[in-house]
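Any read-out appearing in this document is the output of simple, stated calculations on the displayed coordinates, not a laboratory observation. Remember, predicted model here, so these are calculated numbers, not experimental data. Cβ sites come from the backbone with ideal geometry, for glycine too, and all protein chains shown count toward neighbours.
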Amino acid sequence: MTLEDDLEVLKDYVALEKLRLNFRLEFKINVDENISVDQIYIPPLLIQPIVENAIIHGIKPLHKNGSIFINIAKGDKEIKIQVQDNGIGRPKEKTATTNRKSYGIPLTKERLQHLSKAARQKSDYTTEDIYNNANESEGTRVTITIPFVGED
């Protein structure tokens with residue numbers, strides 16, 4: 001699937017979630033000008049589970065408007081995708097939500113392992129908690145790094 005196709009599906013998903021949340025969600029995607037989204041290939045629905053996780057566990061329990069920003073940049077041999085939200089953050093999420101088993105993120109990590117093997121180049125998945133100056137949790141940043149696969 002091209003990055004362009006994946007982003008279109010993601011935009012549709014977020015539009016539905018915005019309706020469900022009564023438009024309490026700001027959503028922006030920034031793509032590096034060096035990226036031709038119609039020529040970059042990524043595994044289908046790679047970003048969607050991360051955004052879904054941000055909405056369900058970070059934004060939904062928030063008592064103010066939420067935001068999710070996606071930044072996509074191209075390196076020499078990789079694509080870096082960052083998804084950042086202003087949700088309640090993982091420390092607060094552990095007490096705010098039910099103990100529902102998550103399948104999307106473990107499946108995404110497994111797919112990245114398969115991609116690494118196929119491309120013979122390491123993929124990476126990291127999660128960071130974001131804190132303000134008062135050391136209070138105010139969001140999460142997930143970064144995925146995948147091998148560049150496309151027409152260059």
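Tabulated data
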read-out: Nearest-0.05 FRET efficiency for T143 and K117, computed from C-beta distance (R0 30 Å); value: 0.90
read-out: Fraction of beta bridges assigned by DSSP in region 3-147 that are antiparallel (%, nearest 5); value: 75 percent
read-out: Distance in nm between pseudo-label sites at F69 and E4 (7 Å out along the Cβ direction from Cα); value: 2.7 nm
read-out: Unit charges on C-beta of K, R, D, E only; dipole of the chain, Debye; value: 780 debye
read-out: 222 nm mean residue ellipticity, helices alone, for the chain (DSSP H n ≥ 4; -39,500 (n - 2.57); rounded to 500); value: -10000 deg cm²/dmol
read-out: Net +/- balance of residues flanking L45 in space, Cβ distance below 11 Å, scoring K and R +1, D and E -1; value: -2
read-out: Kyte-Doolittle at least -1.0, axis length at least 24 Å by Cα - qualifying DSSP helices, the chain; value: 3-20
read-out: Computed over the chain: relative contact order in percent, which uses C-alpha pairs under 8 Å that are six or more apart; value: 25 percent
